[in-house]
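The values are calculated or read from the model by the stated rules, or taken from the named source; none is laboratory data. Keep in mind it's a predicted model, so treat the numbers as computed, not measured. FYI the Cβ positions are ideal-geometry reconstructions off the backbone, even for glycines, and counts take in every protein chain you see.
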């Protein structure tokens, strides 16, 4: 099961999914409150996104699954692992690993809120934006360091998906108030945490501090020069990192 990041959609996994499907049945849902996903109720709780994914797993007949998550999806994967729904977790730059009260994280949330408001306004120009190489670089600059291999249609989908994430601002407000806590004693499956050293959204040195404390036996993989979304940045390497754990 592949879980995308904040304001993203299931198509974040387009470039790795074919390789994963050679070895596994793959479910890649869109998170609640995101474009194309189930609705998110007004009273957002720390378990709201995990609840919806767990329901999707049950509907698909997955009692447990190998969970792969990027950013917000990585945190949700760990929540599900704590509920006993994971055979393994591969977390790509997972959210929630910063120390409570870190000022850089609050600034990141504020910047994301400003960007979201701007994105909604410029969304009608997205087809023109992705038609040029410079525009595709602008659209992906906080997600990847490499982008020429990403089809323009996929870039357009991701931009429009983010613009149509109706719950984005509500989720950001909840994120400011959330504790982002996990009970590591409940996470007993194998864990691999993958982080790009060029991540501009969640710098691994600061954003993964608590994961190192929570999960000292987890395997850490640092991808030199890779950005926030390894599944888009280096899809072949990312697929191998996932299969290297799930096939074992």
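Before moving on, here are some points about what is shown:
- Condition broken by residue 207, with the remaining ones in (1) under 15 Å from residue 74 (Cα atoms); (2) modelled with pLDDT under 95; (3) surrounded by fewer than 21 Cβ atoms within 10 Å (Cβ to Cβ); (4) touching a strand residue (DSSP E or B) at 6+ places or on another chain (Cβ under 9 Å) satisfied: (3)
- Residues that are out of contact with any strand residue (DSSP E or B) (no Cβ under 8 Å at 6 or more places or on another chain), surrounded by 14 or more Cβ atoms within 10 Å (Cβ to Cβ), touching a residue at least 12 places away in the same chain (Cβ under 8 Å) and closer than 21 Å to residue 49 by Cβ do occur in the range 182-189.
- Yes/no for residue 112 being at pLDDT below 95, in contact with a helix residue (DSSP H, G or I) (Cβ under 9 Å, 6 or more places away or on another chain) and crowded, with 18+ Cβ neighbours inside 10 Å: yes
- Residue selected from the range 216-248 under the condition in a loop (DSSP other than H, G, I, E, B) and in contact with a helix residue (DSSP H, G or I) (Cβ under 6 Å, 6 or more places away or on another chain), by the criterion farthest from residue 156 (Cα to Cα): 226
- Residue 74 being assigned to a helix (DSSP H, G or I) and touching a strand residue (DSSP E or B) at 6+ places or on another chain (Cβ under 7 Å): yes
- Of all residues in the range 204-215, those that are part of a loop (DSSP other than H, G, I, E, B), in contact (Cβ under 8 Å) with a residue 40 or more places away in the chain and touching a helix residue (DSSP H, G or I) at 6+ places or on another chain (Cβ under 9 Å) total 0.
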